[in-house]
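Only one structure is covered here, and it is reproduced in the block below.
The values are calculated or read from the model by the stated rules, or taken from the named source; none is laboratory data. None of these values were measured; they are calculated from a predicted model. Counting neighbours? That spans all protein chains shown, and the Cβs are built from the backbone with ideal geometry, glycine included. Accessible surface areas use protein heavy atoms only, side chains included; no ligands, DNA or RNA. Shrake-Rupley method; radii C 1.70, N 1.55, O 1.52, S 1.80 Å.
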Amino acid sequence: QEPELQRALERALRVREGARRLLPACSRPEQALETTKTLVLCDARVVAAGGELQRRQEARLRGARRHSDTVPVAERVPCRGTVCISDLRIPLMWKDTEYFRNKGELHRCAVFLLLQVGAEIHDTPTVLVDRTLTDICFEGAILFSEAGPDFELKVELYSAGLPGGGAQASTPKKLATRLSTSLGRSSGRRARAALEAGPGSPPGTTGTGALLLPPPGVPCPQFQLLAHTALSLAQVHDGFRTHDLIIAADEQSPCWVPLYGRMCCRLAARPRCVDTPAVTGALRLQAPGAEGPSRPPLFCVLRGPGLLCYSSAHEAEAGQEPTLTIAVTKDTRVRAEPGGHGQPPGVAVTNRLGGEEVTHTLVAESVAEAQRWLEAFEQHLYDLGQWKQCCEELMRIEEPPPRRPPAPLPPQGSLYHQTAIDPSDDIAAVTDILTRHRGCPRSPGPPPWLSLFEGPPLRSPSPPRRGRPRTLSLDA
């Protein structure tokens, strides 16, 4: 009965199984790090989807039990909305001996955030943290488009310790230097050459590689929950605020990062009742003290904190200023106005302004139309009361940037050193090289910039050499 959740659960299970098979085959630390992160996300998605399926099944059983007991069910469901969290900052608290004096081992960790609302889970890009950072910054915004007013945004910070550092990187070179100086001049020179030779260097030649040791296997990083918190509707504010973090690890953990215990972010929400009209139609505004509607009909739109009244539907579609705006807040009172003596029924909207009650009576064309407006008003007022401060002002919702794929490794050397040009046709070779690197098809005719080089050809009195092809500088 829940095909979307069932598909999400099956997809998470398949991805988790694939990541488990891929992890032993990782040959680079970056691959192992991303694969381990995928396992953490898949585990969270499996638990979230399973819990949501169980919750909906229990709610369905409770509804069936109420229906069998013939108990009238009059439960209103509030509208959904979009929750946006952005500008995530987590300050760090390094010791003075680590940060200011730059002492001690260079401790590095890879961290990311896991954010969850219901069964919807998102993550942030992985950030490498060492003592050169004072804040962990996660750029971009994360949206949850199907959140209710009772949402609970779980924020979990995961960390994994990374091997290596400044002291460890220079250990092979220091070892080779000390070993060569302790054996004497000739023996030390041969030992140093053997230690510094690369894996593919022949014996007796000096290389520039690291210490010749058997290559260790790629260590499997272990992500551990470092801190977590939960945000709700009470923390929603159109501004940058600070929230407390619950620390879940200690300083003895290899993935420890010195947290300050706070998290800064901007948490905004926008319910659908603010953007989407609850009901539209034609109503007549009854003049105070008059027996019937004496004014022309108005095209009314119930949206957000007001009832917008236009002269015609064309003005509403064009986005023009309304002719009349009636405030609608969570404190607004709406009641049915029965029609008498041949008069159609209506809806009375009452607000308290400046200590006085102001009532606007809107007359519908029929009894069914008046009932439709009355039900829409009641649901809209219920939505405003559930979303609270989110309906008082229109909060800015940022669009998340597209996820960038991992950047490929840069090629070794420059384009100048990779290009060999035949001296018989320099201009044609340069044209082909530029065409290939720009990814554009070559035109059948000569390029337009070739006219700059027109003139008498320079011919060499001696025939061209058939040796190694020379390289031509593209800057020239």
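Give the long-range amide H neighbours of Leu298: residues separated by 5 or more places, or on another chain, with amide H under 5 Å away, using H modelled in the peptide plane at 1.01 Å from N.
Leu283, Arg284, Leu285
At 1.4 Å probe size, with the rest of the protein present, what percent of the exposed accessible area of the stretch 1-52 is carbon and sulfur atoms?
Result for the stretch 1-52: 54 percent of the exposed heavy-atom area is carbon or sulfur.
In whole Hz and in residue order, list the ³J(HN,Hα) couplings for the stretch 36-49 that follow from phi through the Karplus curve 6.51 cos²θ - 1.76 cosθ + 1.60, θ = phi - 60°; x for Gly and Pro.
Each residue of the stretch 36-49 in turn: 5, 4, 4, 5, 4, 5, 5, 4, 5, 5, 5, 5, 5, 5 Hz.
Would you mind calculating the relative contact order of the stretch 298-382 from Cα pairs under 8 angstrom and at least 6 residues apart, reporting the percent as a whole number?
Averaging sequence separation for qualifying contacts and normalising by length gives 20 percent for the stretch 298-382.
What FRET efficiency would be calculated for the residue pair Phe240, Val77, taking the C-beta separation as r and a Förster radius of 25 Å, to the nearest 0.05?
Working: r = 32 Å, r/R0 = 1.29.
That pair, Phe240 with Val77, gives E of 0.20.
Starting from the Cα-Cα distance between Arg396 and Arg272, subtract it from 0.36 nm times their residue separation and give me the gain in nm to one decimal.
The Arg396-Arg272 span can extend by a further 43.3 nm.
I need the Kirkwood Rh of the stretch 1-52: take the reciprocal of the average 1/r across all distinct C-alpha pairs and report it in angstrom.
Details: mean 1/r = 0.0868 Å⁻¹.
Over the stretch 1-52, the inverse of the mean reciprocal pair distance is 11.5 Å.
Tell me, Kirkwood radius of the stretch 277-391 from alpha-carbon pair distances, in Å?
14.5
What's the carbon and sulfur percent of the stretch 277-391's accessible surface, probe 1.4 angstrom, rounded to a whole number?
Answer for the stretch 277-391: carbon and sulfur cover 50 percent of the accessible area.
Given H placed 1.01 Å from N in the peptide plane, which residues other than close sequence neighbours of Gly339 have an amide H under 5 Å from its amide H?
Gly346
Calculate one ³J(HN,Hα) per residue across the stretch 143-156 by plugging θ = phi - 60° into the Karplus curve 6.51 cos²θ - 1.76 cosθ + 1.60, and present them in order as whole Hz with x for glycine and proline.
10, 10, 8, 10, 9, x, x, 9, 5, 10, 8, 8, 10, 10
R0 = 51 Å: FRET efficiency of Glu251 with Arg60, Cβ-based, nearest 0.05?
The formula returns an efficiency of 0.60 here.
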